[in-house]
Amino acid sequence: MLDLKQDYFALFGLPTGFSIDMDRLEQAYLDIQGKVHPDRFAHLPDTDKRLSMQWATHANEAFRTLKSPLARGQYLLELKGIDPAFETNTAMSPEFLMEQMEWREALGEAREAADEEVLEDLARRIRHANRALIEQLELELDQKGDLHAAADTVRRLKFLEKLQHEINDALTALES
Amino acid sequence: MALLQISEPGMSTAPHQHRLAVGIDLGTTNSLVATVRNGVAQCLQDEEGKVLLPSAVHYLADGQIVVGRKAHSAQAVDPRNTIVSVKRFMGRGLRDVSHVETMPYDFVDAEGMVRLRTVQGVKSPVQVSAEILKDLRLRAERSLGGELTGAVITVPAYFDDAQRQATKDAARLAGLNVLRLLNEPTAAAIAYGLEHASEGIYAVYDLGGGTFDISILRLSRGVFEVVATNGDASLGGDDFDHRLFCWMLDNAGISLPSDRDARRLLMKAREVKERLSLDESVSIRMTLERGDEVDLTIDRSVFVDITRPLVAKTLKPVRKALRDAGLDAGDVKGVVMVGGATRMPHVQQAVGEFFGQIPLTNLDPDTVVAIGAAIQANVLAGNRAAEDEWLLLDVIPLSLGIETMGGLVEKIIPRNATIPTARAQDFTTFKDGQTAMAFHVVQGERELVSACRSLARFELRGIPPLVAGAARIRVTFQVDADGLLSVSAREQTTGVEARVEVKPSYGLADHEIADMLKSGFENARDDMELRGLREQQVEAARVIEATMKALDADGGLLNAHERTALDAAIGALQSAADGQDARAIKIQLEAFNRASNEFASRRMDKSIREALAGQRIDDLRI
């Protein structure tokens, strides 16, 4: 019997791994939502409604997790028993930390100067770094099976994500 | 089987029974009700053949409550007790309401939601809205000849949790079973059948009587998503009437008309505005109270000139919404026009020029939201044909979070998350031996609590005394398919389970609603009891019918022993439903829900497997 604790890859009938067929994921998600979504159960007894809500919530959470490379990588590590607690293990390479500091400084200055162009440029550089890290993560998880290196990469991605949010916030603040 | 025949007359358990379901557009200025009959969605008329119900409620000193056109005209004589545009107060505190000082009401600042003092006592906006909904429910029941299974009620896409909950409470108070709250722009898109259309970005331009809304929707693989909304809460068709009214005064040389004349002139202005949508030129002839003659002719081009700034004003929020969505006007594939004011040709022209395409105007802009809601209600009631299945995945419009130290917000569910959804976040104690923790639930995009809307506060008690930082308190947010939130918190390190459920209802607690329901039927207690009994009986019949159908299709999922047990549960529920005791039926319904849980789970399981199997067969075909 399927249950709500089942892993997300199995739920969508996909092989467990970082590399993922996005079209298949999306199709499987929509097929499942088509069966379990509360709109299909609005006229049915409460038991069915409750089950539908649980399953639709589960499917949404599973889809959200597998869709995003960072969340997917983190989830895969969790499945393999690696603690993805970012706060407790932050031994990063000095180069990465230096780069981080440099970016943060640039963000601070651009924010102060209200310089949209610099912010946009910074956003581009981070997108680029992000892409490279995702490729690296795929290699570490699917080819080398080096889970500790992968955990490190996930942590770096997490840093970049936070930075991206801050840049977006700064850009939004400039517009208003 | 004998069980099939035990049903009340008129409560057929035939499998293809058409359930009566309606869509309701609960508007700021006007409200409408629509349904799908013989496969066609149509608005239902009142006894005078009108479909628009002015959203006005008049409380009279003798205890009467008048809703609609008559109430609307009572504004002039009894403004304090005649509530119009109540939608602006739904789920809002006094300080959230703009232009309070120009309104004729006696406001009472209450916790959560503002109240209005009338000759019939203090009324909450929920109660006022319930009167409008009740009127529409009665209209629908009269016109369809039976009790309604349920209703889909539309809300603006930007409505937050408080406003949605207030709308749902109003429906409950009006005796409506809410199948779903649906976003207005999404309803308009459904009315245009866009869910069958090609994928892309669509804009819904909604210029109503007193408000303007713009929504940007994304349609992909039969799924609708609201990506951005904006608007102007004090800009609408009424402003066009007012410009024309001023022009008439100027050109007829009238400086200070009497109140009565002013009202007549304003009504005339509205009529002229409407005629100018069809004719190039309209003449205005009126005799005023003091004998002044008004004899004017206005060309459409003059009307266009004097209202051009108003049209331009609508395009500002449009630009802002596009910017929020990160899109250009050229990315928009289709523009849906909603609201009576979009009938004006120069509005259509300006919107067309802005988006570089002719907007969709072939449906009546006054009824398009109600029509879309009716189509969705028909689907939700289970009346749809299997072949036209489509899915609407909605998102929450605003982020939900918890206040943390220093007045900051920790976002738990980000905006645009697909609903239903649930997210959990762990918190811990910050003092040694701390046994209670206070939580503040907020909604909004800003980082500071003070810039967000407060939804609820609650406290978790009974945390085992531990050193600071050792307790682990998991706070779970669940948002249902209507976009409504419930929150629970639980301490989990020691296995001691302290748990609290919060269902924010903005000053209207469940017992308050129960009291209002009761007082509504005060003069007819029997009527209320009868209605309660009848509701339970209908519910029991519905549950039995659905289970019978499920057993027909999937009876094989149960072994003989389980089947006997479920049959017995059906029998018990049926006997209770045949009796006259509403409470007994309710108890049996709860027992039945427990008994049928396993069967329902197995059916859900089977249907998910089938969905995935279908997908794999498709894969093979490639």
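The values are calculated or read from the model by the stated rules, or taken from the named source; none is laboratory data. Quantities reported herein were computed from a predicted structural model and do not represent experimental measurements. Cβ sites come from the backbone with ideal geometry, for glycine too, and all protein chains shown count toward neighbours.
The single residue among B:144, B:138 that is of a type in the set (A, V, I, L, M, F, W, C) and either in contact (Cβ under 8 Å) with a residue 40 or more places away in the chain or within 14 Å of another protein chain (Cβ to nearest Cβ) (or both) turns out to be B:144.
Selection of region B:400-416 for residues being among the charged types (D, E, K, R), within 14 Å of another protein chain (Cβ to nearest Cβ) and in a strand (DSSP E or B) yields B:410, B:411. Among the candidates B:351, B:335, the residue that is modelled with pLDDT of 95 or more and in a helix (DSSP H, G or I) is uniquely B:351. Every residue in region B:337-363 that is at positive phi and crowded, with 24+ Cβ neighbours inside 10 Å, please. Passing the criteria: only B:339. Of everything in region A:18-40 that is hydrophobic (A, V, I, L, M, F, W, C) and under 16 Å from the mean Cα position of the chain (by Cα), the residue that is nearest to the other protein chains (Cβ to nearest Cβ) is A:25.
Does region B:65-79 contain any residue that is farther than 27 Å from residue B:267 by Cα, in a loop (DSSP other than H, G, I, E, B), among the β-branched types (Val, Ile, Thr) and over 24 Å from the mean Cα position of the chain (by Cα)?
No, region B:65-79 has no match at all.
Check region B:235-248 and report whether any residue there is surrounded by 20 or more Cβ atoms within 10 Å (Cβ to Cβ), over 28 Å from residue B:354 (Cβ atoms) and within 17 Å of the chain's Cα centre (by Cα). For region B:235-248, residues surrounded by 20 or more Cβ atoms within 10 Å (Cβ to Cβ), over 28 Å from residue B:354 (Cβ atoms) and within 17 Å of the chain's Cα centre (by Cα): absent. Residues that are of a type in the set (A, V, I, L, M) and over 17 Å from the mean Cα position of the chain (by Cα) are absent from region A:71-81. Screening residue B:323 on (1) buried (at least 17 other Cβ atoms within 10 Å of the Cβ); (2) assigned to a helix (DSSP H, G or I) shows it passes everything except condition (1). Here is a check on your reading of the model: is residue A:120 assigned to a helix (DSSP H, G or I), under 20 Å from residue A:163 (Cα atoms), at pLDDT below 90 and within 14 Å of another protein chain (Cβ to nearest Cβ)? So residue A:120 fits the description; yes.
Here's the yes/no breakdown for (1) under 20 Å from residue B:29 (Cβ atoms); (2) of a type in the set (Gly, Ala, Ser); (3) under 17 Å from the mean Cα position of the chain (by Cα):
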position	(1), (2), (3)
B:332	no, no, no
B:340	yes, yes, no
B:347	yes, no, no
B:352	no, yes, no
B:361	yes, no, no
B:366	yes, no, yes
B:379	no, no, yes
B:382	no, yes, no
B:390	no, no, no
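Can you name every residue in region B:417-445 that is within 13 Å of chain A (Cβ to nearest Cβ) and in contact with a strand residue (DSSP E or B) (Cβ under 7 Å, 6 or more places away or on another chain)? Across region B:417-445, the qualifying residues are B:417, B:418, B:419, B:420, B:421, B:422, B:423, B:424, B:426, B:428. Restricting region B:604-614 to residues that are surrounded by 16 or more Cβ atoms within 10 Å (Cβ to Cβ) and not hydroxyl-bearing (Ser, Thr, Tyr), the residue that is farthest from the other protein chains (Cβ to nearest Cβ) is B:606.
For residue B:429, the conditions (1) among the β-branched types (Val, Ile, Thr); (2) part of a strand (DSSP E or B); (3) out of contact with any helix residue (DSSP H, G or I) (no Cβ under 7 Å at 6 or more places or on another chain) all hold with the exception of (2). In region B:87-118, the qualifying residues are those that are among the acidic types (Asp, Glu) and part of a loop (DSSP other than H, G, I, E, B), and the one that is modelled with the lowest pLDDT is B:111.
Given the structure, is residue B:366 crowded, with 17+ Cβ neighbours inside 10 Å, of a type outside the set (Val, Ile, Thr) and either more than 30 Å from residue B:477 (Cα to Cα) or free of Cβ contacts under 8 Å to residues at least 12 places away in the same chain (or both)? Here the answer is yes, as residue B:366 does meet what is asked. If the condition is being crowded, with 21+ Cβ neighbours inside 10 Å, touching a residue at least 60 places away in the same chain (Cβ under 8 Å) and more than 23 Å from the chain's Cα centre (by Cα), then region B:109-135 contributes no residue at all.
Taking the conditions (1) touching a residue at least 12 places away in the same chain (Cβ under 8 Å); (2) on the phi > 0 side of the Ramachandran plot in turn, residue B:265 satisfies each one other than (2).
Among the residues of region B:385-434, those that are among the basic types (Lys, Arg) and more than 28 Å from residue A:40 (Cβ to Cβ) comprise B:411, B:431. Applying the condition of being of a type in the set (A, V, I, L, M, F, W, C) and at pLDDT below 90 to region B:66-86 and asking which residue is farthest from residue B:233 (Cα to Cα) yields B:77.
Picking from residues in region A:41-50 that are buried (at least 22 other Cβ atoms within 10 Å of the Cβ) and either more than 7 Å from chain B (Cβ to nearest Cβ) or in a helix (DSSP H, G or I) (or both), the one that is farthest from the chain's Cα centre (by Cα) is A:47. Among the residues of region B:440-483, the ones that are in a loop (DSSP other than H, G, I, E, B) and either acidic (Asp, Glu) or under 28 Å from residue B:157 (Cβ atoms) (or both) come to 9 in all.
Criterion applied to B:358, B:413, B:419, B:402 was being touching an Asp or Glu at 6+ places or on another chain (Cβ under 6 Å) and more than 30 Å from residue B:35 (Cβ to Cβ), and the one residue passing it is B:402.
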